[in-house]
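Participant: Handing you a structure now.
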Amino acid sequence: MIYKHSKETIEKMKKAHLGKRHSKETIEKMRKAQKGRTISESHRKKISEALTGKFMGKDNNFFGKKHTKKTKLQISKTKTGQKYSEEFCKRRSELTSGKNNPRFNNWSSKGKYDEKWDDKIKLKIKNRDNYECKNCNIYTKTGHVHHIDWNKKNTIEKNLIYLCVRCHNKSHAPTKKTNYIQKYKRMVIFK
């Protein structure tokens, strides 16, 4: 039989523990107790089902907030030089490839380009935009020429802009497409 605390008891426990932190010794004991512990597949499934949809959107504690520059720098320093196992990289690749990728759009990016689409037109756009990303205004030689309307057959200069790799990747995220189309049409096409 599984015992569940009443809502009153849970509230009392929350108040009793509010602001308290475990000592380093206690944390070490808890870590050792959990080390090597395996969770059964059925238990993993129950946990997954219980958490599905929770902590998303407005339910997420970080909703509407942004990291400070200092925090971003700390995260970057922590991640720099971090090595991942081959197994992890292979698994991550499988989980984010093709249809599993959140940016997947039914292989539409594999379509054919217009016959005018070549290195000359790309270089012309890069020079026109002075190798400056039209979204974040940074100078970069590693950027991409982007079709504003996502139509690869439409290679007129007014439909092409230069974006840094980061902004170009963002522009192809399905949730961002509408915003990017509106922003760039105002910025470039209707100038």
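Participant: Any residue at all in the range 163-172 that is exposed (fewer than 13 other Cβ atoms within 10 Å of the Cβ), modelled with pLDDT of 85 or more and under 23 Å from Thr96 (Cα atoms)? I'd like the intermediate steps shown before the answer.
Facilitator: Applying the first criterion (exposed (fewer than 13 other Cβ atoms within 10 Å of the Cβ)) to the range 163-172 yields 165.
Going one step further and asking which of them are modelled with pLDDT of 85 or more, we end up with 165.
From what is left, the residues that are under 23 Å from Thr96 (Cα atoms) are 165.
Yes, the conditions are met somewhere in the range 163-172.
Participant: Sticking with this one: Being over 16 Å from Trp117 (Cβ atoms) and either charged (D, E, K, R) or buried (at least 16 other Cβ atoms within 10 Å of the Cβ) (or both) is the filter here; which residues of the range 141-153 pass it?
Facilitator: Looking only at the range 141-153, we keep the residues that are over 16 Å from Trp117 (Cβ atoms), and these are 141-143.
Lys141, Gly143, listed by residue number.
Participant: Right, here's the next one. Just one of (1) exposed (fewer than 10 other Cβ atoms within 10 Å of the Cβ); (2) at pLDDT below 85 trips up Asn60, so point out which.
Facilitator: (1)
Participant: Kindly indicate which of Lys116, Lys126 is more than 25 Å from the chain's Cα centre (by Cα) and assigned to a helix (DSSP H, G or I).
Facilitator: Working: Lys116 fails: assigned to a helix (DSSP H, G or I).
When all the criteria are applied, what remains is Lys126.
The values are calculated or read from the model by the stated rules, or taken from the named source; none is laboratory data. Note that this is a predicted model, so its numbers are computed, not measured. Because the Cβ atoms are built from the backbone with ideal geometry, glycine has one as well, and the counts that use them run over all protein chains shown.
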